[in-house]
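Participant: Here it is, the structure, as structure tokens.
The values are calculated or read from the model by the stated rules, or taken from the named source; none is laboratory data. Computed from a prediction, not measured in an experiment: that's the story for all the values here. Virtual Cβ from ideal backbone geometry, glycine too; neighbours counted across all protein chains shown.
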Amino acid sequence: MATGRSLAAVYYARASRTVPLRAGAWRPRAVAVAAAGEPASEHVRRLVAEFDPAVPLDSAVTPPSGWYTDPGFLQLELDRVFLRGWQAVGHIWQVKNPNDFFTGRLGNVEFVICRDANGKLHAFHNVCRHHASLLACGSGQKTCFQCPYHGWTYGLDGTLLKATRISGIKSFNKNDFGLIPIKVATWGPFVLVRFDDESTEDNVYDAVGNEWLGSASDLLGTNGIDTSLPHICRREYIINCNWKVFCDNYLDGGYHVPYAHGALASGLQLQSYETLTYERVSVQRCESAPAEPDDFDRLGTKALYAFVYPNFMINRYGPWMDTNLAVPLDSTRCKVVFDYFLDKSLLDDQSFIEKSLKDSEQVQIEDIALCEGVQRGLESPAYSVGRYAPSVEMAMHHFHCLIHGNLSG
């Protein structure tokens with residue numbers, strides 16, 4: 001935002017405030033998202049207002065190109081879209097065992113997810129309380145987090161265990177300098193965090209599902225979103241497009257499939273495509289074309305594509321589930337993380353796995369070319385707004401309406 005502070009600035013500027021926790025311990029207060037009432041710039045407010053969610057789909061125009069190119073618009077999205085409510089950040093196989101951890105970044109918020117020696121899941125800001133060095137990188141196993149800068153050491157429960165070279169320091173209580181916690185939960189095989197909730201109570205599975213997925217929770221829970229599917233691999237792509245371009249491409253109801261994905265289109269019955277929308281979720285479903293007995297068949301009989309606002313996609317087809325997480329890097333670049341999960345019965349079938357991943361990779365290459373081409377077009381002076389295809393692009397319109405609701409609220 002052009003005026004006001006970002007979420008991270010609010011967190012750390014006020015980190016010296018403390019609140020009591022159980023057993024008499026004290027820990028820095030993790031404050032809520034950017035202060036209420038801090039205005040966006042007039043320019044960004046105008047961009048938000050240029051899209052009218054009240055116009056019916058068959059008469060609506062798409063958001064203006066500035067939604068996809070303006071750095072100030074992305075800053076407002078980070079504060080009001082990504083850093084409010086539950087956000088998917090990983091999967092349970094990354095923290096399957098005690099002492100497992102992984103790190104991530106969303107906007108200017110660095111975080112670490114870990115499981116302590118007792119198996120309890122935690123999330124913290126990945127920042128040393130001494131002089132702000134990042135504590136951990138990547139993923140792996142640790143029994144504690146030791147700052148690489150000055151050696152301050154923290155337990156996997158966030159407690160400051162050791163502060164080096166502080167003899168002579170005054171008015172210092174190490175209980176005031178533990179890691180700043182972030183609320184964390186799991187739903188199905190997914191790890192979720194929320195940055196705007198300071199409560200410390202345990203998260204109830206059903207409540208988390210209802211908050212994150214709304215009335216789509218039962219549909220997804222009974223359609224193969226399965227914790228028993230082992231994680232096979234991860235692929236990451238840096239794409240030269242705004243994060244919403246990738247989401248829009250996903251949400252066009254199969255519109256682009258016959259034109260851009262010839263091999264994929266041959267395996268789907270596109271006339272069976274249907275789209276369902278819920279509060280913060282849209283689901284696209286499609287039947288697969290009948291396979292010959294000896295054909296390679298990774299798609300199964302039906303495919304389900306669930307989009308969970310704002311940036312998480314769950315694809316369930318045949319024995320596979322894969323997820324896509326679109327993380328904004330700047331206004332014209334994003335990182336998309338693909339995680340692949342497979343039915344246990346096929347774990348030893350390396351030929352099937354390799355062929356499936358190769359076919360999926362081909363689709364991603366085709367989509368990357370599309371998305372980068374769209375971004376270049378959005379940056380052209382020739383384009384301002386477009387139109388929706390009412391019979392197929394209802395999920396995309398739903399996505400844009402949700403963004404508008406967050407940004408104008």
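Participant: Out of LEU378, LEU347, LEU325, report the one residue that is modelled with pLDDT of 95 or more and under 16 Å from the mean Cα position of the chain (by Cα).
Facilitator: None of the others qualify; the one that does is LEU325.
Participant: Just for region 40-66: of the residues that are among the charged types (D, E, K, R) and part of a helix (DSSP H, G or I), which one is surrounded by the fewest Cβ atoms within 10 Å (Cβ to Cβ)? Give the derivation first.
Facilitator: The initial filter retains those residues of region 40-66 that are among the charged types (D, E, K, R), namely 42, 45-46, 50, 52, 58.
Those still in the list that are part of a helix (DSSP H, G or I) too: 42, 45-46.
Values: GLU42: 10, ARG45: 15, ARG46: 12.
Applying the filter and picking the extreme gives GLU42.
Participant: Whether any residue in region 95-112 is farther than 21 Å from GLY188 by Cα and among the aliphatic types (A, V, I, L, M) is what I want to check.
Facilitator: There is at least one residue in region 95-112 that is farther than 21 Å from GLY188 by Cα and among the aliphatic types (A, V, I, L, M).
Participant: Which numbered condition in (1) touching a His at 6+ places or on another chain (Cβ under 8 Å); (2) surrounded by 14 or more Cβ atoms within 10 Å (Cβ to Cβ); (3) closer than 22 Å to CYS128 by Cβ is the only one that LYS183 fails?
Facilitator: In the conditions (1) touching a His at 6+ places or on another chain (Cβ under 8 Å); (2) surrounded by 14 or more Cβ atoms within 10 Å (Cβ to Cβ); (3) closer than 22 Å to CYS128 by Cβ, LYS183 misses (1) alone.
Participant: Give me a count of the residues in region 67-101 that are closer than 25 Å to ASP330 by Cβ and either surrounded by fewer than 19 Cβ atoms within 10 Å (Cβ to Cβ) or acidic (Asp, Glu) (or both).
Facilitator: Result for region 67-101: 7.
Participant: Taking the condition surrounded by 16 or more Cβ atoms within 10 Å (Cβ to Cβ), of a type outside the set (Gly, Ala, Ser), in contact with a Ser or Thr (Cβ under 9 Å, 6 or more places away or on another chain) and touching a residue at least 24 places away in the same chain (Cβ under 8 Å), does LEU378 pass? Reasoning before the result, please.
Facilitator: Details: surrounded by 16 or more Cβ atoms within 10 Å (Cβ to Cβ): yes; of a type outside the set (Gly, Ala, Ser): yes; in contact with a Ser or Thr (Cβ under 9 Å, 6 or more places away or on another chain): yes; touching a residue at least 24 places away in the same chain (Cβ under 8 Å): yes.
In short, yes.
Participant: Whether any residue in region 157-174 is under 27 Å from the mean Cα position of the chain (by Cα), more than 24 Å from ASN324 (Cβ to Cβ) and surrounded by 13 or more Cβ atoms within 10 Å (Cβ to Cβ) is what I want to check. Let's see the steps before the verdict.
Facilitator: The first filter runs over region 157-174 and keeps only residues under 27 Å from the mean Cα position of the chain (by Cα), leaving 157-158.
Pick out the ones that are also more than 24 Å from ASN324 (Cβ to Cβ) and you get 157-158.
When the remaining residues are screened for being surrounded by 13 or more Cβ atoms within 10 Å (Cβ to Cβ), the result is 157-158.
Looking for residues that are under 27 Å from the mean Cα position of the chain (by Cα), more than 24 Å from ASN324 (Cβ to Cβ) and surrounded by 13 or more Cβ atoms within 10 Å (Cβ to Cβ), one finds at least one in region 157-174, hence yes.
Participant: Please state which one of PHE124, PHE145, PHE102, PHE111 is outside the structural domain of MET321 (by TED's automatic domain parsing), over 22 Å from ASP196 (Cβ atoms), not in a loop (DSSP other than H, G, I, E, B) and not acidic (Asp, Glu).
Facilitator: Among PHE124, PHE145, PHE102, PHE111, only PHE145 is outside the structural domain of MET321 (by TED's automatic domain parsing), over 22 Å from ASP196 (Cβ atoms), not in a loop (DSSP other than H, G, I, E, B) and not acidic (Asp, Glu).
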